[in-house]
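Below is one structure, written out as C-alpha cells; comments come after it.
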Amino acid sequence: MKFGREFETQMIQEWREAYMDYRSLKQIVKQILRYHQQKHQRPPPPHPNPQTTGDTAPHQTDGGGGETGASVLSRRVSLYRAFSGLTNRAARSPKKSHKHHNLFSSKRHHHHNPQHHHHYHLFDDDEEHVILINEDETEGYSTTFLCSAEEGGEMEVQFFRRLDGEFNKVLRFYKQKVENVMEEADELSRQLNVLIALRIKVENPDVHLPSDIISVSSAPSSPHTTTRTPAPSPMDVIREMEQTEDKKVFKPAPVEMLDHIKLKIEPETPLSTLKMMILGLPSEQTFSKPELKRAEELMSRAFVEFYQKLRFLKSYCFLNQLGFAKILKKYDKTTSRNASKLYLNTVDRSYLGSCDEVSRLMSRVEATFIKHFANGNHREGMKALRHKTKREKHRITYFLGFFSGCAMALAIAIMVLVHIRGLTKSEGRHQYMENIFPLYSLFAFVAVHLFMYAADIFFWSKYRVNYPFIFGFENGNDLGYREVLLIGSGLAVLTFGGVISNLDMEMDPRTKSFSVITELVPLALLLCLMATLFCPFNIIYRSSRYFFIGCFFRCLLSPLYKVILPDFFLADQLTTQVQTFRSLLFYVCYYGWGGDFKRRTHTCYDSDIYKELYLVVAIIPYWFRFAQCIRRLVEEKDKMHGLNGLKYLSTILAVAARTIFEMKKGTYWLTVAVTTSSIATLFNTYWDIFKDWGLMNRNSKNPWLRDKLLVPSKSVYYIVMVVNVVLRLAWMQTVLGIKEAPFLHQRALVVVVGSLEIVRRGIWNFFRLENEHLNNVGKYRAFKSVPLPFQELGGSKTM
C-alpha cells in the first residue's frame, strides 16, 4: 500500500482536517517533477559546435548523471539519519531534554520572547544552501527558498509556502490538544485524591491508617487548598509513587476534604430518577459502598478515555512527523536538493517533537490505573486501558457463504415446490395466507432489516464513518457487516427450512396426520429466536445481544433514562418495525385466546381486544421517540427537540387515524386519515432531508446539498432524496384504498410495503450517521464525554 493511502487509513477520522495535507503537497511535487521531465526532454540544437560540445560535456556530466548518482544516495542517507533522530530522544543531552520539557509546559512556563526569531542554516561547506527557516512565536514557522531565481523556482516556493502552512496548522492543533490534556490531567489528579479519601472513609472509617497508604500526590494540609491549588508541574499531575527501596513517607489523602465535596452521580435506574424528581437530591452525603463503587466506575472510565486521548495524541504526532519526512524525501528526490535535513531538524526541535512527554504521561497513567483500578494486576490493567483490536476470522466468511448458499437453495426449492404442487391455485391458499403467512412474515422483516444494517456497516466502513465511536460499542466487540450478514443468512435458512418443512409435512400423506406439529413450526422458530437473543452464555455475540437488550429496555422506559444516541437510533429503527410488532401480537392471538391453530382458524380480527392492541402496538415505537424528545427538551433546553417531538406526535395521530379507518371505514375517518398522513409525511420528509441528513443547503458549495460530503458522486444525494420521498408515500397505501396488487395477496402486499419501509430506513441510517460523523469531525470530537463523580460544594463545575 502506498504511503498516501496508508496515511489516510491511520488517521483519526474526527481529526482529519487537522492533519497535514499530504495529498496537496504531493501534487505540487508532481508538478515540479513534470516540469523537470519536460525540461530534460527538450531537443538539442540541430548543428552543435564541436568545440562548444567538448567544453560543455564535462559540465553536463557533473551536473546531471554524476551528481544524481552519488549525491542522491547521500541525500537519502541524510534524510533517514535526520528522521531517525525523532525516535532516539534518550541520546540527547540533559540541557536539550530540559528545553523540550519547557516547550511541553509552555502554558505554565512561557519563556519565549514573541519578537525573537530563530534562523536555522546549513553551515557545512559541502552542502547546498537551499532554504532558510524563520521561527516566530506568533507567526509560526516560515521558510525562505534561496533558489527562487532559478528556472521553475516559483513552484518550489509554492511548495515550501504550503509546507509551512501545514506545519503551523499541525503545530497549533497539537499545542491546543496537549494543553487540554494537561488541564484534564490536573483535574483527574484532584478527583483521584478525593476518591482515595472516600475509600478511606468507606472502607476504614475508624481505623488509623499506616503511613504506607499514600495518595496520588502529596496532599496539602488544608482541604480548601486541595481542590483549588494546581499541581506545581503538569508532568507531575499523575505520578505514581513507587516505594521499593525508597524510605520516604507520604501522607494519606486527608479525609477532611470530603466535607467540601459532593458526589455528582447521575441516577441510573428509573426508581432513582423518580426519587430525584420527587424528593430532589439528597441533602447529606452518605459515603456508602454503592456510592464508592459508582465513583470508582466513573473514574475508571475517565482514566480509560484519558489514556485513549494520549494514544491518539501520540499517533497524531508520529503520523504527521512521518508525513513531513515522506513528502520532503519526495521533494529531495525530485529536485536533487538537500532541504529535508534542515526542515526535519526544525520539526524535531519544534513543539511537535515533544512526543516523549506524552509517552511519559502515558506510563504514569498506566501505573496509576494498574494500582488503583486493577488491584496491581498489570495484565488486567493494560487489557482495560488498551482497546482490543478486532481480528477478521476466516470462519465467518466461510459460514457466511455456506448459509447464503443454503438460503438461496431453499428459496428456489420453495418456489419449485409451490409451482409443482399448484399451491397458488389450491383451495387452502387463502387459509394459508391468512393464518400461516403472517407468522413467517415476522422473520422476513427482521432478516431484511439485518441485511440493510449490514449494507450500512459496509458503506460506513468504506467511507470511514466512525460508527463504533458514535454508537458507543465496546472496543473490538462491534459487529462488522460479515457478522451481521451471517446472522441474517442464518435466520433466512431457519425460516425457509421451516416453510419447506411446514409445506412438506402438510402435503405428504404419511405426515399429514401430525397437523399439530406442522402448525407449531413457526412458534418453534420464534421461541428459538427469543432463546438465542436472551441466551446468557458467551455464544453468538453475547456482548452485542446484551447491548441491544439494554438499549431496548431504556427505550421502553424512555422518559426515565438519559437519552443517548444508541437509544434514540434504536427507537427510530423500531418505528420501521410496526408490522413486526403486529406479527408478534398475531402470534399471541393465534396460539392463545383467539385462534385454533390445530384447525388453522382464528377469530383475531373480530376480537375487540385484538383491535385495541393492534392500534396500541403500532403507536408504541413512535411513543418511545416522542418521550425521548421531551426528555431531551427538558434537559438540554433546545427547541429543536420540541419540534422533533411534534413530528413524532403527528405520526402517532396519523398511524392512529389510518388504523381506525382500516377497521371502521367511512368518509369521516378517510378524511382524517388522509389529512393526518399527509401532514406527517411532509413533516417527516422535511426533517429527514433538512435536519437528519443536513442537506438542501442553498448556500453550500455543493448546490442544495452540504459543504462536506463523504460519497464522491453528488448525484447519489439527489437520488436518495427522491427515493426517500417515494418510499415515504408507500405507507399511505392503506388510506389510498390499495388492498391487493396483481399476483399479490393482501397479506403479501403488507409484507412488501413493510419491507420497502425497512429499505427506506436503511438508506436513512447511512446518511444520518454520515451527518453525525461530519458534525464530530467539524468539532474534532473523537472522545466520549465521561462525567466525573466529585464536585466542589458551592460550585456548578467539576473540581
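On full extension of the chain, what length is gained from Arg781 through Trp704, given 0.36 nm per residue of separation minus the C-alpha to C-alpha distance? Write out the running numbers ahead of the final one.
On the way: separation 77, 0.36 × 77 = 27.72 nm, distance 2.61 nm.
Fully extending the segment from Arg781 to Trp704 adds 25.1 nm.
If we restrict to alpha carbons, what Rg and Dmax does segment 394-778 come to, in Å?
22.0, 72
Could you compute the FRET efficiency for Glu296 and Lys393, with r as their C-beta to C-beta distance and R0 at 25 Å, rounded to 0.05?
Details: r = 35 Å, r/R0 = 1.38.
For R0 = 25 Å, the calculated efficiency reads 0.15.
Rank the residues Lys691, Lys388 as a footprinting-exposure proxy: fewest other Cβ atoms within 10 Å of their Cβ go first.
Values: Lys691 16, Lys388 11.
Least crowded to most crowded, the residues run Lys388, Lys691.
Among Leu192, Leu585, Leu643, rank each residue by its count of other Cβ atoms within 10 Å, from fewest to most, as a rough exposure measure.
Details: Leu192 24, Leu585 17, Leu643 14.
Listed from fewest to most nearby Cβ atoms, that is Leu643, Leu585, Leu192.
Taking a 24 Å limit on the Cα-Cα distance, which of the listed pairs Lys175/Lys329; Lys293/Lys371; Lys371/Lys562; Lys293/Lys784 fall beyond it?
Working: Lys175/Lys329 26 Å; Lys293/Lys371 16 Å; Lys371/Lys562 32 Å; Lys293/Lys784 21 Å.
Result: Lys175/Lys329; Lys371/Lys562 exceed 24 Å.
Based on other C-beta atoms within 10 Å, arrange Arg632, Arg554, Arg5 from fewest to most.
Arranged by neighbour count, lowest to highest, Arg632, Arg554, Arg5 become Arg5, Arg632, Arg554.
Compute the normalised compactness of segment 617-677: alpha-carbon radius of gyration over 2.2 N^0.38 Å, N being the residue count. Provide the component values of the computation, followed by the final result.
Numbers: Rg = 13.8 Å, N = 61, 2.2 N^0.38 = 10.5 Å.
Dividing the Cα radius of gyration by 2.2 N^0.38 Å gives 1.31.
Testing the spin-label approximation: label points 7 Å from Cα along Cα→Cβ at Val722 and Leu682. State their distance in nm.
Placing both labels 7 Å along Cα→Cβ, they lie 2.3 nm apart.
Which order do peptides 21-27, 711-717 fall in by mean Cβ count within 10 Å, highest first? Don't skip to the answer; put the middle values down first.
On the way: 21-27: 16.0, 711-717: 12.0.
Answer by packing, highest mean first, reads 21-27, 711-717.
Which ³J(HN,Hα) values, rounded to whole Hz and listed in residue order, are derived for segment 290-301 from phi using the Karplus coefficients 6.51, -1.76 and 1.60 in 6.51 cos²θ - 1.76 cosθ + 1.60 with θ = phi - 60°, glycine and proline given as x?
x, 5, 4, 4, 5, 5, 5, 4, 5, 5, 4, 5
With a/c under 1.5 counting as rounded, go ahead and sort segment 546-672 into rounded, prolate or oblate using the C-alpha gyration tensor (a ≥ b ≥ c being the square roots of the eigenvalues; past the cut-off, prolate if a/b is larger than b/c, else oblate). Let's see the in-between values first.
Details: a/c = 3.51, a/b = 1.54, b/c = 2.28.
Oblate, since a/c reaches 1.5 and b/c is not below a/b.
Which FRET efficiency value, to the nearest 0.05, do you get for Gln13 and Asn168 by plugging their Cβ-Cβ distance into 1/(1 + (r/R0)^6) with R0 = 22 Å?
Values: r = 23 Å, r/R0 = 1.02.
Given R0 = 22 Å and the Cβ-Cβ separation, E is 0.45.
Which peptide among 758-771, 372-385 comes first, and what is the full order, when sorted by highest mean count of other Cβ atoms within 10 Å? Mind dumping the intermediate values first?
Details: 758-771: 21.2, 372-385: 15.1.
By packing density, highest mean first, the sequence is 758-771, 372-385.
For the ranges 172-185, 566-579, what's the packing order if you count other beta-carbon atoms within 10 Å of each residue, average per peptide, and put the highest first? Working shown, then result.
Values: 172-185: 17.8, 566-579: 20.3.
My ranking of the peptides, most packed first, is 566-579, 172-185.
Contour minus end-to-end for Gln27 and Ile412, with contour as 0.36 nm per residue of separation and end-to-end as the Cα-Cα distance? Numbers along the way, then the final one.
Numbers: separation 385, 0.36 × 385 = 138.60 nm, distance 5.32 nm.
Gain in length upon complete extension: 133.3 nm.
Here, each number is a calculation from the coordinates, and none is a lab measurement. As the structure is a computational prediction, the values presented were derived from the model and not from experiment. FYI the Cβ positions are ideal-geometry reconstructions off the backbone, even for glycines, and counts take in every protein chain you see.
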